[in-house]
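The values are calculated or read from the model by the stated rules, or taken from the named source; none is laboratory data. This structure is a prediction, so every number in the text was calculated from the model and none was measured. Neighbour counts run over all protein chains shown; Cβ positions are idealised from the backbone, glycine included.
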Amino acid sequence: MVKVGVIGLQGDVEEHVWAAKKALGNLGVSGEVVWLKKLGQLEGISAIIIPGGESTTISRLMVKNGLFEPVKKLGEEGLPIMGTCAGLIMLSGEVIGATPEQRFLGILDVKVNRNAYGRQVDSFEAPVKLAFSDEPFPGVFIRAPKIVELLSEGVKPIAWLGDRVVGVEKDNLIGLEFHPELTEDTRVHEYFLGKAL
Ligand code: GLN
């Protein structure tokens, strides 16, 4: 019985809850998926997802609700954590374009440029190649950060848009520029939840 928590303070939480439930079903695993808002809910947690949304707000609310340090520690200890878009920013070691009050968990060794795509092409959909599947994945990019540098040897690309890396993993951690929770396709969630089984 796995317990998946989606950081449920701001952003597209419900979409991740739905995708994680569907992925568990496809994997034939029984489990629950919860909106993670409070410290006490970390008890017995098997995996955490940090959604897309607005990273300054998610950062502020994670600190306010006492989730920031405990989630950081769990990630450092090996708990599977996946961040999409704003969630990727939250995980990153270095962020270009951060606001002064913004805090990051700093556990995934990548440098991201927070608002790299700019306004003109701020949202688009394009096929993404995945390391773990032959079929292209529908990549939804919304004011996405860009992964501009991998900061340690342990960071492996797992998703590409053309020849640019748009998704990485490092052991228990996954960070994606795009939003797999905004498609019907749960391959990425299934791959991530495999880390918790
Ligand atoms: N650029 C946004 C931020 O800094 C992230 C956008 C998203 O998650 N769709 O939080």
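Annotation note: of Gly44, Gly40, the sole residue that is more than 16 Å from the ligand (Cβ to nearest atom) and assigned to a helix (DSSP H, G or I) is Gly40. Go through (1) surrounded by fewer than 15 Cβ atoms within 10 Å (Cβ to Cβ); (2) hydrophobic (A, V, I, L, M, F, W, C); (3) closer than 16 Å to Gly167 by Cα for Ile142 and report which single condition fails. Result: Ile142 passes all but (1). Residues in region 25-65 that are small (Gly, Ala, Ser) and touching a helix residue (DSSP H, G or I) at 6+ places or on another chain (Cβ under 8 Å): Ser30, Gly31, Ser46, Ala47, Gly52, Gly53, Ser55, Ser59.
Applying the criterion of at least 2 residues that are touching a residue at least 40 places away in the same chain (Cβ under 8 Å), at negative phi and within 16 Å of the ligand (Cβ to nearest atom) to the strands (runs of 3 or more DSSP E) found wholly in region 113-188 leaves 137-142, 146-150, 173-176.
When region 51-80 is limited to residues that are within 16 Å of the ligand (Cβ to nearest atom) and among the aliphatic types (A, V, I, L, M), the one that is nearest to Pro180 (Cα to Cα) turns out to be Ile58.
For (1) of a type in the set (D, E, K, R); (2) surrounded by fewer than 22 Cβ atoms within 10 Å (Cβ to Cβ); (3) farther than 14 Å from Met82 by Cβ; (4) modelled with pLDDT under 95, each residue gets a yes or a no:
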| residue | (1), (2), (3), (4) |
| --- | --- |
| Ala126 | no, yes, yes, no |
| Pro138 | no, yes, yes, no |
| Val148 | no, yes, yes, no |
| Arg164 | yes, yes, yes, no |
| Val168 | no, no, no, no |
| Ile174 | no, no, no, no |
| Thr186 | no, no, no, no |
| Gly194 | no, yes, no, no |
